[in-house]
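Encoded as structure tokens, the structure appears first; notes follow it.
The values are calculated or read from the model by the stated rules, or taken from the named source; none is laboratory data. Predicted model, so just to flag it, every value in this text is computed and none were measured. When we count neighbours, we look across all protein chains shown, and the Cβ atoms used for this are built from the backbone with ideal geometry, even at glycine. Quick note on the areas: whole protein, heavy atoms, side chains included, nothing else; ligands and nucleic acids left out. Shrake-Rupley method; radii C 1.70, N 1.55, O 1.52, S 1.80 Å.
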Amino acid sequence: RLYRQLEKLKIDCFCTDDWPAFTKVLPRERHLIGKAFTKHIEGVNLCLRTRNRRIVRKTACFSKKEQNHYSAMKLIFYYRNHHTL
């Protein structure tokens with residue numbers, strides 16, 4: 001079901017770990033398996049969680065308005081894309 005939703009996005013390649021369920025669903029020619037491919041993605045996710053407490057499940061920095069979450073994420077993406085070496 002998730003892959004059918006992702007097909008609409010025209011993704012060039014999928015980077016995953018070696019979980020067997022991925023190999024059953026994702027097309028072999030666009031599927032990259034291994035830590036070398038997921039290391040950067042996991043690093044970005046960690047950065048987002050540590051710099052933006054709204055993403056963490058149990059936090060005091062929670063906002064009820066979806067627009068506030070969107071704006072906070074937009075700020076962190078801008079900072080990450082334009083102010084890192």
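See the values below:
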read-out: Options Leu26, Leu48, Leu75: the member that is open to solvent by less than 90 Å² (accessible area, probe 1.4 Å), at pLDDT 80 or above and among the aliphatic types (A, V, I, L, M); value: Leu26
read-out: Residue ID - modelled with the highest pLDDT, chosen from residues in region 57-69 that are surrounded by 10 or more Cβ atoms within 10 Å (Cβ to Cβ) and either hydroxyl-bearing (Ser, Thr, Tyr) or closer than 28 Å to Asp17 by Cα (or both); value: Ser63
read-out: Neighbours by Cβ (under 8 Å, 6+ apart or cross-chain): first from region 1-28, closer than 23 Å to Gly43 by Cα and in contact (Cβ under 8 Å) with a residue 60 or more places away in the chain; second open to solvent by 50 Å² or more (accessible area, probe 1.4 Å) and polar (S, T, N, Q); value: none
read-out: Selected residue [at pLDDT below 75 and either acidic (Asp, Glu) or not in a loop (DSSP other than H, G, I, E, B) (or both)] from Arg54, Arg80; value: Arg54
read-out: Single condition Lys39 does not satisfy, out of (1) at pLDDT below 85; (2) open to solvent by 60 Å² or more (accessible area, probe 1.4 Å); value: (1)
